[in-house]
């Protein structure tokens, strides 16, 4: 989402926020939601699924920014195969941005992971997009050294 909206950084509202009367290991002990991205642990924080999703999003943004840098470099290289691959990669990113941008994130029913008329993209969707981005990076990296 950071890439989609052109955001340059991210700050969490809270890392661990559990009200004083709450047991952070029992999300059902009160109707007020807990906002912790990690749980306190003896050997340090224990990550939650939310924390891991944030980490994956940051990793995704790094992959996308890396690919954008390779695309820019390939366009300047004068290598016809690199230029062809860069154009394909750019088209892929444009389609990905459109696809993710069509999701109505404001009307998400987070409990059911449903939108008014669509399911949230699943893990397999994101994994396949990551793989395609990585493949383009590898291809452009290899072509960088060929003339």
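Laboratory data are not the source of any read-out in this text; all were calculated from the coordinates shown. What you see is a predicted model, and the numbers here were worked out from it, not measured in a lab. Virtual Cβ from ideal backbone geometry, glycine too; neighbours counted across all protein chains shown.
With R₀ fixed at 41 Å, the C-beta to C-beta distance from residue 94 to residue 16 puts the FRET efficiency at about 0.60.
On the basis of the beta-carbon distance and an R0 of 41 Å, residue 61 and residue 25 show a calculated FRET efficiency of 0.85.
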